[in-house]
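The values are calculated or read from the model by the stated rules, or taken from the named source; none is laboratory data. Because the structure is predicted, anything quoted here is derived from the model rather than measured. No Cβ is skipped: glycine too gets one built from the backbone with ideal geometry, and neighbour counts run over all protein chains shown.
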Amino acid sequence: MGESKIKITVDKEQLIPAARRVAAVLKRSNEPVVRLEANDNKLKLRAASDGVGKIKEEIPLESHTGGEIVVGVNGQYLLNTITGHPDPKITIGFIDPLNPIVTKGTNHIAIVLPIRLQDNGDKAA
């Protein structure tokens, strides 16, 4: 695994409720894909589920280096990873949309594997 090209830092207390709301939309979905977009000093979380609808959450970034990124992840895996982080700030590192996403804190590191998004933007609108 290479060095992260894009790094963002978010406040855990803002990210967890947003991730919970997005994961709730996906509870009954066969495709639990959350689309993460880091740009414009915001992290956007988007998801869609047949019969439930669409959701879009935005939280501000504490810091952002390396450009924009759009990546798909399993919503529940993301929620489990960030909920278990002991630090109030989480740094998330991306290489590209198909490589593992690394979350880091002071004494904690975790990896979330991406899900390939379809060219049409996937169901995670």
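Looking at segment 5-48 only, could you name the residues that are assigned to a loop (DSSP other than H, G, I, E, B) and surrounded by fewer than 19 Cβ atoms within 10 Å (Cβ to Cβ)?
Once the filter is applied, which keeps residues that are assigned to a loop (DSSP other than H, G, I, E, B) and surrounded by fewer than 19 Cβ atoms within 10 Å (Cβ to Cβ), segment 5-48 yields LYS5, LYS27, ARG28, SER29, ASN30, GLU31, ASP40, ASN41.
Output the residue which, of all residues in segment 22-57 that are hydrophobic (A, V, I, L, M, F, W, C) and out of contact with any strand residue (DSSP E or B) (no Cβ under 6 Å at 6 or more places or on another chain), is nearest to PHE94 (Cα to Cα).
ALA23
Just to be sure I understand, how many residues within segment 49-61 are of a type in the set (A, V, I, L, M, F, W, C) and either free of Cβ contacts under 8 Å to residues at least 12 places away in the same chain or not in a loop (DSSP other than H, G, I, E, B) (or both)?
The initial filter retains those residues of segment 49-61 that are of a type in the set (A, V, I, L, M, F, W, C), namely 52, 55, 59, 61.
Okay, now just the ones that are also either free of Cβ contacts under 8 Å to residues at least 12 places away in the same chain or not in a loop (DSSP other than H, G, I, E, B) (or both), so 55, 59.
So the count comes out to 2.
Name the pairs whose Cβ atoms lie under 7 Å apart, with the first residue in segment 3-27 and farther than 17 Å from LYS42 by Cβ, the second surrounded by fewer than 20 Cβ atoms within 10 Å (Cβ to Cβ) and among the β-branched types (Val, Ile, Thr), and 6 or more positions between them or separate chains?
Filtered contacts from segment 3-27: SER4/ILE95; SER4/VAL102; LYS5/ILE95; VAL25/VAL52.
Within segment 1-32, which residues are hydrophobic (A, V, I, L, M, F, W, C) and touching a helix residue (DSSP H, G or I) at 6+ places or on another chain (Cβ under 7 Å)?
If the condition is that a residue be hydrophobic (A, V, I, L, M, F, W, C) and touching a helix residue (DSSP H, G or I) at 6+ places or on another chain (Cβ under 7 Å), then LEU15, ILE16, ALA19, VAL22, ALA23, LEU26 are the ones that fit.
Do we find that GLY84 is closer than 23 Å to GLU3 by Cβ and either in contact with a strand residue (DSSP E or B) (Cβ under 9 Å, 6 or more places away or on another chain) or touching a residue at least 40 places away in the same chain (Cβ under 8 Å) (or both) in this structure? Quick ask: steps written out before the conclusion?
Working: closer than 23 Å to GLU3 by Cβ: no; either in contact with a strand residue (DSSP E or B) (Cβ under 9 Å, 6 or more places away or on another chain) or touching a residue at least 40 places away in the same chain (Cβ under 8 Å) (or both): yes.
Taking the combined requirement at face value, the residue does not satisfy it.
Each row is one residue, and each column tells you yes or no for (1) under 28 Å from LYS7 (Cβ atoms); (2) modelled with pLDDT under 90.
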| position | (1), (2) |
| --- | --- |
| PRO32 | yes, yes |
| GLU37 | yes, no |
| ASP50 | no, yes |
| LEU61 | yes, no |
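Can you work out which of the residues in segment 84-104 that are in contact with a His (Cβ under 8 Å, 6 or more places away or on another chain) and surrounded by 16 or more Cβ atoms within 10 Å (Cβ to Cβ) is nearest to VAL71 (Cα to Cα)?
Looking at residues that are in contact with a His (Cβ under 8 Å, 6 or more places away or on another chain) and surrounded by 16 or more Cβ atoms within 10 Å (Cβ to Cβ), I get THR103.
If a residue must be crowded, with 20+ Cβ neighbours inside 10 Å and over 23 Å from ASP87 (Cβ atoms), how many such residues does segment 49-69 contain?
2
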